[in-house]
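The structure appears right after this line, and notes come after that.
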Amino acid sequence: MTDSAYRVGIVGCGSISDRSHDELLDVPGWIPLPYSHAQTLEAHERTVLVAAMDPDVQRLDEFAARWQVTTGFGSITQMIAEQRLDIVTIASPTRFHAEHFMEAVAAGIKGVFLEKPVARTLRDVDRMIDTAQVHGTSVVLNHFRSFDPSYRRVRDLVQQRAIGDVTGVVVVWGEGISQGGCHLFDLLRMIFDSPASWVYASLDSDQTRPDPGGTFLLGLENGVVVTVHMPWSLNAPAQLDILGTEGKVTINHFERTLTRFEVINGRSVPLEAALPVRNATRSGMLVALDELIAHMETGAHTSSGLEEGRRALETSGAVLVSGRESRRVSLPLTDADLVIDSWL
């Protein structure tokens, strides 16, 4: 911690705040750490965790003991009132995001690090956007892949036409249209600098889940069409293949690779190479905090905030409507009160 460290309070002491980092320590694959909110706040040079809030007393006590937080609270109102907080991390269940966000901003919090999905309805997000603008609050949404330098390297290669003209994208994904989908939709927006414009979806036959999976086509505004396969029955690692006229880029759980075609002895041969970012990256959550602090101090651009979270949520909603009504759905959505549930 430095003299210029920001005082942070966490709202919600569940897995993403606490244990998710530990769960990944021995898991192979591309998972830049730190990963949990508490671990990220501890690792960042400009933040110090001073308070935590959770209505579950046992969970709050265990979290406070582990992270040496001396002040725990059962309500966000009390925490903000009694602590001199600069930043609030909101990692409560999605159904509470809008409520907790509005309380934090109205109380004068300077910066909010908000878990995804942003909220449950577009109307809630619009209220959050308006309130943040009125109070001048800096907000970053934890679409951590959009902050990961390795994914940004892929974006740069695509925009530099390293694989020629993009002819399509094929995706294997998971964790529900809202909870997992928001990551994918924001990642696609970041890589192609183009949001979704239409979807055509088939949802899982099991409609008892609050956040179903499915298979769908996703059209971006720049004309790129993305094929997405993400049913809950899937048992395969996530992968994203960006196909071009001169090669492809693959992003999966273990690596990022660039494949280009070269003519050897008169034959067009695919040559694959790992992108040079494997050991030179920084956790997306650390980069997200970097950008939140920079926005608080200078108004610098943030890569994924409320507006981007709204676009991701709107895309999730369009997938749900398309699957339920068996038709192509164009964006923007007109139903601001459509409930787009996450399973968390």
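Things to note:
- Per residue convex hull volume, Cα atoms of region 1-134, in Å³: 118 Å³
- Counted over all Cα-Cα pairs of the chain, pairs farther apart than 29 Å make up 40 percent.
- Under the convention that each Lys and Arg Cβ holds +1 and each Asp and Glu Cβ holds -1, the size of the dipole of the chain around its Cα centre is about 720 debye.
- Rounded to 10°, Cα long-axis angle of helix 57-66 versus longest principal axis of the chain: 80 degrees
- Each 5 Å bin from zero up to the one holding the largest Cα-Cα distance in region 76-227 carries the following percent of pairs: 2, 8, 15, 17, 17, 14, 12, 8, 5, 2, 0, 0.
- Counting 0.36 nm for each residue step from THR208 to ASN252 and taking away their Cα separation leaves a gain of 12.9 nm.
- Simple spin-label estimate for VAL27 and ARG328 in nanometres, 7 Å along Cα-Cβ: 3.7 nm
- Entry note, the chain: the mean residue ellipticity at 222 nm calculated from DSSP H runs of n ≥ 4, each adding -39500 (n - 2.57), is -10000 deg cm²/dmol after division by the residues and rounding to the nearest 500.
- Based on C-alpha pairs under 8 angstrom that are at least 6 apart in sequence, region 193-320 has a relative contact order of 16 percent.
- Projecting the Cα atoms of THR281, SER92, PHE113 onto the charge dipole of the chain, computed from C-beta unit charges around the Cα centre, puts THR281 farthest toward the positive end.
- Counting charges near ILE76 (Lys, Arg +1; Asp, Glu -1) among other residues having Cβ under 12 Å from its Cβ returns a value of -4.
- Each Lys or Arg adds one and each Asp or Glu subtracts one; over the other residues with Cβ under 15 Å from the Cβ of ASP204, this totals -2.
- Pairs of C-alpha atoms in region 178-236 farther apart than 18 Å represent 35 percent of all such pairs.
- Nitroxide proxy distance, nm - points 7 Å out along Cα→Cβ at ASN222 and ASP335: 3.1 nm
- Contact order normalised by residue count of region 1-105, Cα under 8 Å, 6+ apart, percent: 36 percent
- The Stokes-Einstein estimate for region 106-150, based on a Kirkwood radius over Cα pairs and taken at 10 °C with 1.306 mPa s viscosity, is a diffusion coefficient of 137 µm²/s.
- In percent, rounded to a whole number, the relative contact order of the chain is 20, using alpha-carbon pairs under 8 Å and six or more apart.
- Stretch gain in nm, segment GLU99-ASP130, where the contour uses 0.36 nm per residue and the Cα spacing is subtracted: 9.8 nm
- Using θ = phi - 60° in the Karplus curve 6.51 cos²θ - 1.76 cosθ + 1.60, the 3J(HN,Hα) couplings for region 201-208 round to 10, 10, 8, 3, 5, 7, 9, 7 Hz; x is entered for Gly and Pro.
- Counting only the Cα atoms, region 46-125 fills a convex hull of 96 Å³ per residue.
- The trypsin sites (Lys or Arg not before Pro) found in region 44-151 that occupy coil by DSSP, while having at most 14 further C-beta atoms within 10 Å, are ARG84.
- Gap separating the Cα centres of region 312-344 and region 226-266, nearest whole Å: 27 Å
Quick note: the coordinates plus some simple rules give every number you see, no bench work behind them. Everything numeric in this text was worked out from a predicted model, so none of it was measured. Because the Cβ atoms are built from the backbone with ideal geometry, glycine has one as well, and the counts that use them run over all protein chains shown.
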